[in-house]
Structure formats: C-alpha cells, structure tokens
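In what follows, a structure is listed as structure tokens, so that the remarks can point back to it.
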Amino acid sequence: MVNRNGIGAKFFIVASVIVVNSVGVLYFARDSVNLPQFLNIAFEFIEVKLQGKSNQESSAVNALRSESEISIGQNSLKPKVNSEVRYTQSTSRIGEHEAPHRYKCLDKIKPPERKTIYTWTDGKGVKHISDSPRKLNSNTSVQVAKIINPEAISLNFLSHNLPFDVQRAVRGRVQEALDAFAPVTPIESMVPVVANIRSFSDKGAYEKYSKRFNLSTPTSTGFYSSGRNESAILIRGNKETLQTITHEVMHTINRYWYGQVAKWLNEGMAEYSESPGSLTNSAWVNHFKSNQPLALTTLFEGTESSWRQDPHQFYASSWAFVAFLMSDNQDFMSRLLLLESENGCEELSMSDIQRLYGRNIATLNSDFRRWFRSKLQ
C-alpha cells in the first residue's frame, strides 16, 4: 500500500521548489516583465530587509509608494530656452523635485559602522587576515590588526552602463560638495554616507522603473528615494548626467547628515553642489539676467503647488539664497543646519529662521537683495 504521507510530503517539496524557483525568476526579470503591484511591493520589502534597515526604515515600504518621499530631478537642472513648457517636454529638468514633506518621516539614515580587521595564525603557521575572527582551535591566537573607518562618501554604482569618465567626474564633484559644506556642518553630523546610484541608458526602462514609485510625471530623468536610499538616473550627455547625479547624491548626503530638510534648503544645497563655490558656472546666472529672486517669505513658505506652478523661480531663488549664505554668512548657515540636524522630522519655520538670524525676515531679505545686486546683476 502506498504511503499517503510520503506522497504528500514529496508533493509538498516539489511544489515548494517550483514556487520558490518561479518567484526567483520573477524577481530577476521584474525590470522586463509587468508584475502585479503586490509582487513589486513584496520584492521591495524583501530588499529593504536585506539592506539591514531599521524597523522605522523597513516600514517605509508603504511610504516608498508616496510621491512625498521622492526628490525628482528632470534632465540637466539648467534652465533652457526651450524648457519653459513645464511637465510636457522631456528636455526640461526643472519639474517635480518633490519637497521632503513626508507622509511618514524617516529622518536621518543610519551611517555604516566601523569595520574591525582580525589576524590569526592557523595550526600550520599560516597567517590569515579577515573581517571576522576565527578560532581554529584552543591554541589559536586572534588579534585585532586594524580598525577601518568607513569612507566619508561611498558611491555605489548599481548599474554598469555609466562611462568611466562620468563615474570619475561624479566622485570629484561630490567630493567638492562635501568639502564646500563641511565647514558649515556640525562635526557630529558629518557621518559616513553611502550613495546608491542606479542608471538607465534606455528611457523606456527608466520610466518603467519610475512607475514603481508612483511618480506623477514620466518625463523626469532623475529622482532620489529616501526610503530606499537610491538615486535613479536616466543617462544622457555626460555633462547633463553628471549634473543630475551630483544633485541627487546631495539629497543623499543631506539625509545622512541633517535628516529631513526644508525644501528650499534641500534643493538650494543640491543646486549649489553642481558648481560649489562658483557663481559664474551656474546657469542660474543667465536666469537672473531677466528675473529677480523671490521674496524670502514666498520662498520659505512655498507649497508643493507653488513649486510646481513656478519651478524655475523657486529653484533659482533657492540656489541664490544658499549661495548668499555660503558666500557671506556661513555662521548663519551653520546654525540653520545644526537646527535641521537636531529637530528630527520638523523643518525650519519662519520663526526659526528669524530667531537664528537675530533680526527680522525683512532685514534678512534686504541683506540678501543687496548681495544679489552686487554679485548677480
């Protein structure tokens, strides 16, 4: 008589193998196959778990789906003559950099830990070096050889389609941004940063990937997901690609160093990072040949809707005000960043800015305008 329990067990094992294998195939083919939404969410949950996120970050799977967690950049971030028609032409990078007003606050990203290197000698007298201790027997002597601090900035290129020259240029440009903002950043906030960069050479593949994040427009060519700690970039010309990556990596640095940051400050720093310390190298200089910056009260209180209605003015004014702070008032900039790094999910308010400046907003606006006229007009 056939053992029914034995047949049932074999059937269960075979079925389990088939299911696991099918799930694996779907996971690796998900960029080229339209999967049900619940599978995409499940895969993202597994990825977050495997990346060692904290419980707070792990619960960001649902927050990942909201637009309010995404910082989006379009094309070259430079205002172009033919880019005034917003959200319809893919030649404009100015578009929907979503402000960091989250449905779920994740605040700062935890920095990587230090790595300890061990050395030991086995029973044959062979010396070994490893990042984990090994005791081969009771007579094996294990010693700590060195403690390696993580890099200040670690750029992980998740795709292998970026030209080497662009990768090298990105490293140089990001280092320049770090060097520029380090003097105004509280030392306790300058933790190691890991920036993950996923690049796409095919626009269709990029847009398909973007749909996982419920982006509101398909024309953007770069965005940063704080929940996933990843920048997704569409490769174009080397210069435009470099600018977009640098901009999005600055959002990554801000998330590690300061946590949730007011939109005008977050975007202003990202714009400034593209040409740190140089006003003439920014295309916003041309913008201001025929435009005045926004009043600071308008900039500080800008809503999602107002940013979408007039993106050029908000991005340009954010860049100009950050350039003003970095040029003429670094102490004030340091106080702003210190408060942002300490206030968790709260963002700078008008009263915060006025208190840290020591004078009213009208005086700050006058000082900014005076600098603007001397430097940009």
For Ile153, the residues 5 or more places away or on another chain with a placed amide H closer than 5 Å to its own amide H are Val193
Protection-proxy order for peptides 343-352, 274-283, each taking the mean of Cβ atoms within 10 Å per residue, highest first
274-283, 343-352
For each pair in Lys108/Lys263; Lys239/Lys289; Lys203/Lys263; Lys108/Lys208, compute the distance between the two Cα atoms and list the pairs where it is over 25 Å.
Lys203/Lys263; Lys108/Lys208
For Phe223, the residues 5 or more places away or on another chain with a placed amide H closer than 5 Å to its own amide H are Gly73, Ala232
Given H placed 1.01 Å from N in the peptide plane, which residues other than close sequence neighbours of Asn196 have an amide H under 5 Å from its amide H?
Asn156, Ser231
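Values quoted throughout were computed directly from the atomic coordinates according to the rules given, and no laboratory measurement underlies them. Keep in mind the model is a prediction, meaning the values are calculated, not measured. Reconstructed Cβ throughout: ideal geometry from the backbone, glycine too, with neighbour counts over all protein chains shown.
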